[in-house]
Structure formats: C-alpha cells, structure tokens
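Undergrad: Quick one: structure below, then a few questions.
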Amino acid sequence: MRNRFTIFTAALAGTLLFSSMMFGQEGRGGGQAGGRGGGGGRRGIMAGDPANANKPYDKHDLNGIWTRNGTPAGYGGGGTCANCGDRGFNNDVPPFTPLGQKMFDANKPSYGRNLGSPEANAHPEEAIGRRRAVPPANGTDPYQYCNPEGLTRALIYPDPIEFIQLPDRIVQQFEWGYQIRTIWLDGRKLIDDPDQPRWWGYSAGHWEGDTLVVNSNGFDERTWVDHFGYPHSSDMKLEERYRRTAYDVVELVMTITDPKVYTKPWTSQTKRFRLIPKEQVKSVDGWQGLFEDVCAPADEVDQFDKRVRDPAGGIIH
C-alpha cells in the first residue's frame, strides 16, 4: 500500500520543491485584479462549463464535490481555475494594529515572491505578504508540522471540498488534510465568547433568499488566514456568503472582522468553485470519493521535510 508521501510526491514535489521560488513565479499567471502573486488562472479552465449552461439547478442545493483547482481532475496543487480567484484571501489588506503587525512579522511563509528578490521589489502593487517568501526549512507554516490548516485557508486552497447537505446542517469535508467542518442550520445562535477556541471555530448558518450566510467565531489563533501568513486573533469573526450562480458554479465571499489585528473588516476576493462529477473523483484503482490527504507526521516530518523542505533551505541530511 502506498502511503501519503508516495501518492502525492509527484503533485507536491512540483509545487513545493524550492517552493519560495516556485510560488514566486506562480504570481506571473496573474488571473484577476487582486490575484497577483497568488497563482490564479494559469490553466485556462473556467468555473462554469458552457455545456451545462441550460441545466436546471436548485439554488438552495449545495450538495456535491466542488473545487477551485484548475486541473481537469480538480486536485493536485498548482493554480486555481481561470475565474476562480487566487490562493490568497485578498491583495487589498487593511492596516494592522500594533498587535497585528507583530503577529504578521512572526509568521514566515514559503509562498509568494522571494523576500528581497528583484522580482518582489518590482511588484509594489502587491501586498507585502505576497512578497516575503522564505525557503520552507526557514518558514513557520504551522501546517508543515501537521497542525490543522484552519477554515479560511482550507476554503481557499485549490483542492476538492465535498458539501453534504442535511436538514439541520451542512458538512464540508476537505480533501486537503481530510478534515470535516460543520455548519449548523438548526436555528442556534453563536456563543458570544466561547470558552474553548477551536481549530475550525463554531459555525451557524441561515438562508437569506438564495444566499447561504454563515457566521463563525471561536477560532484558535494559531491558524493563518491564508498561505501568505496573514494572522488573526481568537476574537476573529468570520462571515461567509455562498451563492450557487449556475448548475456547476458556487461563489463565496468572506469577511473577517478582527479589531485586535486589523483596523477595519477585511473582505475576500470573490472565490468560485466548480462542480466535479462524482464519477470523475476517483483513485487509479477506480475508487470514487475524496483522496485521504492526511498530514501524518510519519510522512510529513520524517520523509517530506528531509527530502523536500530541508533541501530547499540548504539543509542536506
């Protein structure tokens, strides 16, 4: 049986090997305004297939496997589909508070243009978070140690997400990390000040016309907003607004309100997801369903760090 390292080496090595350099180049793909430096739209696949333009759909039905990935199979690293937005939250970043600046400076990502490189200096239109990448071995990305990636980052990442819609909740299962998040639709209200912060927070949703509005709080502040290392505090409140705009397209806009870190609310770039037929999501053996992309320390730390991340930082074992 092949483990996680073996299965995903081909996809991840091309994405993460010397990743500060690779993701610096990713920004050249551009995509949309606000998408610079984030790797959007390089592969040409659009969120909606013209062949599905006249198919009927229920705007209140979000069931299915959705992805922002630009590859035909909908997974495997790389950029997002052509009009799906990039891999960052938004290039238009509000000013930090003093605490927010301190938290931001402490986070050292391995995505974006290389810190201090001529390429980074040539793109002042990009937020500094997209121009400060360091080699992975020198980074502080919590996920490289198999900590949970957190909600906003998981929603942005271009790998499939399965929406399972039940009468009282929606379950989102993420292929990346093989994690589960629950959105409660049973009328409950959020706790104002949860006693126990959670990696995935607490989420309650309701419908406003054809828009699913989800409010969340109680987040563990060790997660990042996106892979550029933008921080948040445990007081962050998140609003998500989902709209199914076509048979095979769901749009998402998120807003972060976190006065401890940002001086005003931060609204995301519009992110789009495209529907993947269930029969298309399958292993080489023909088993249908999401891949079990678990971040296991036995694979991630013992194998991937030694073979990929550490050499990228000049450390050879």
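Undergrad: Within the range 127-141, work out how many residues are assigned to a helix (DSSP H, G or I), modelled with pLDDT of 95 or more and either buried (at least 19 other Cβ atoms within 10 Å of the Cβ) or under 17 Å from the mean Cα position of the chain (by Cα) (or both).
TA: Within the range 127-141, residues that are assigned to a helix (DSSP H, G or I), modelled with pLDDT of 95 or more and either buried (at least 19 other Cβ atoms within 10 Å of the Cβ) or under 17 Å from the mean Cα position of the chain (by Cα) (or both) number 2.
Undergrad: Could you run through the range 227-239 and say how many residues are over 14 Å from residue 261 (Cα atoms) and buried (at least 22 other Cβ atoms within 10 Å of the Cβ)?
TA: Here the count works out to 2.
Undergrad: For the range 143-152, enumerate the residues that are over 14 Å from the mean Cα position of the chain (by Cα) and within 15 Å of residue 200 (Cβ to Cβ).
TA: 147
Undergrad: Being assigned to a helix (DSSP H, G or I), within 30 Å of residue 162 (Cβ to Cβ) and either touching an Asp or Glu at 6+ places or on another chain (Cβ under 8 Å) or free of Cβ contacts under 8 Å to residues at least 60 places away in the same chain (or both): is that true of residue 51 here?
TA: The answer is yes for residue 51.
Undergrad: I need the full set of residues from the range 287-317 which are at pLDDT below 75, among the aliphatic types (A, V, I, L, M) and assigned to a loop (DSSP other than H, G, I, E, B), in order please.
TA: 315, 316
Undergrad: So which residues in the range 153-170 are farther than 15 Å from residue 201 by Cβ and β-branched (Val, Ile, Thr), if there are any at all?
TA: 156, 161, 164, listed by residue number.
Undergrad: Kindly indicate the residue of the range 199-226 that is of a type in the set (A, V, I, L, M, F, W, C) and farther than 10 Å from residue 151 by Cα and also surrounded by the most Cβ atoms within 10 Å (Cβ to Cβ) among those meeting that condition.
TA: Here the residue is 212.
Undergrad: Among the residues of the range 101-124, is there at least one that is assigned to a loop (DSSP other than H, G, I, E, B), closer than 24 Å to residue 236 by Cα and of a type in the set (A, V, I, L, M, F, W, C)?
TA: The answer is no; no qualifying residue exists.
Undergrad: Looking at the range 130-145, I want the residues that are free of Cβ contacts under 8 Å to residues at least 24 places away in the same chain and closer than 10 Å to residue 107 by Cα and have a partner that is polar (S, T, N, Q) and in a helix (DSSP H, G or I) with Cβ atoms under 9 Å, at least 6 apart or on another chain. Which pairs are those?
TA: Within 9 Å, no pair qualifies.
Undergrad: Any residue in the range 276-290 that's touching a residue at least 40 places away in the same chain (Cβ under 8 Å): show its pairings with residues that are of a type in the set (S, T, N, Q) at Cβ separation under 8 Å, as long as the two are six or more apart or on different chains.
TA: 276/67; 278/288; 281/288; 290/173
Undergrad: Tell me which of these residue 175 doesn't satisfy, since it passes every other one: (1) surrounded by fewer than 21 Cβ atoms within 10 Å (Cβ to Cβ); (2) more than 17 Å from residue 88 (Cβ to Cβ).
TA: (1)
Undergrad: Another question, then. Looking for something without any contact (Cβ under 8 Å) to a residue 60 or more places away in the chain and in contact with a Phe, Trp or Tyr (Cβ under 6 Å, 6 or more places away or on another chain) - is there at least one such residue anywhere in the range 250-266?
TA: Checked the range 250-266: no residue is without any contact (Cβ under 8 Å) to a residue 60 or more places away in the chain and in contact with a Phe, Trp or Tyr (Cβ under 6 Å, 6 or more places away or on another chain).
Undergrad: Any residue in the range 110-126 that is at pLDDT 95 or above sitting within a Cβ distance under 6 Å of a residue that is of a type in the set (Val, Ile, Thr)? List the pairs, counting only those 6 or more apart or interchain.
TA: 115/134
Undergrad: Taking the condition of being surrounded by 19 or more Cβ atoms within 10 Å (Cβ to Cβ), at pLDDT 90 or above and not in a strand (DSSP E or B), how many residues in the range 258-286 meet it?
TA: Selection size over the range 258-286: 4.
Undergrad: Name every residue in the range 100-126 that is surrounded by 21 or more Cβ atoms within 10 Å (Cβ to Cβ), small (Gly, Ala, Ser) and within 22 Å of the chain's Cα centre (by Cα), in order of residue number.
TA: 100, 110, 112
The values are calculated or read from the model by the stated rules, or taken from the named source; none is laboratory data. The model shown is predicted, which means the values in this text are computed figures rather than measured ones. Cβ atoms come from the backbone with ideal geometry, glycine included; neighbour counts cover every protein chain shown.
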